[in-house]
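Notes for the one structure printed next.
Just so it is clear, none of the values below were taken in a lab; they were calculated from the coordinates. Everything numeric here is computed off the predicted structure, so don't read it as measured data. When we count neighbours, we look across all protein chains shown, and the Cβ atoms used for this are built from the backbone with ideal geometry, even at glycine.
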Amino acid sequence: MNKKSTHVVPNPKGGWKVKQSGSSRASNLFDTKQPAIDRARELSTRQHTELVIHNKDGKIKGKDSHGNDPYPPRG
């Protein structure tokens, strides 16, 4: 199972950044949050990673899994 994730986090210098877990550098920088979320969703979908969206205070606002759900669907 791939444990990597793609994060949308506030940039201390202003705006928002998209970061991959385990990386010290941002892969993308944006002035506003929505374009950062859109780009992170594209990346996490393509890479089958979890998308983690943070608030301005750094706390996690929400998550979205893209292909690595912890439990298989029933049925």
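Summary table below
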{"quantity": "Pair LYS59, GLU42: separation of 7 Å Cα→Cβ label points (nm)", "calculated": "3.1"}
{"quantity": "Stokes-Einstein translational diffusion, the range 5-65 - Kirkwood Rh over all Cα pairs, 1.567 mPa s, 4 °C, in µm²/s", "calculated": "117"}
{"quantity": "Two-site label geometry, LYS13 and ASP31: point separation in nm, points 7 Å out along Cα→Cβ", "calculated": "1.6"}
{"quantity": "In degrees, nearest ten, helix 33-47 long axis to first principal axis of the chain (Cα)", "calculated": "40"}
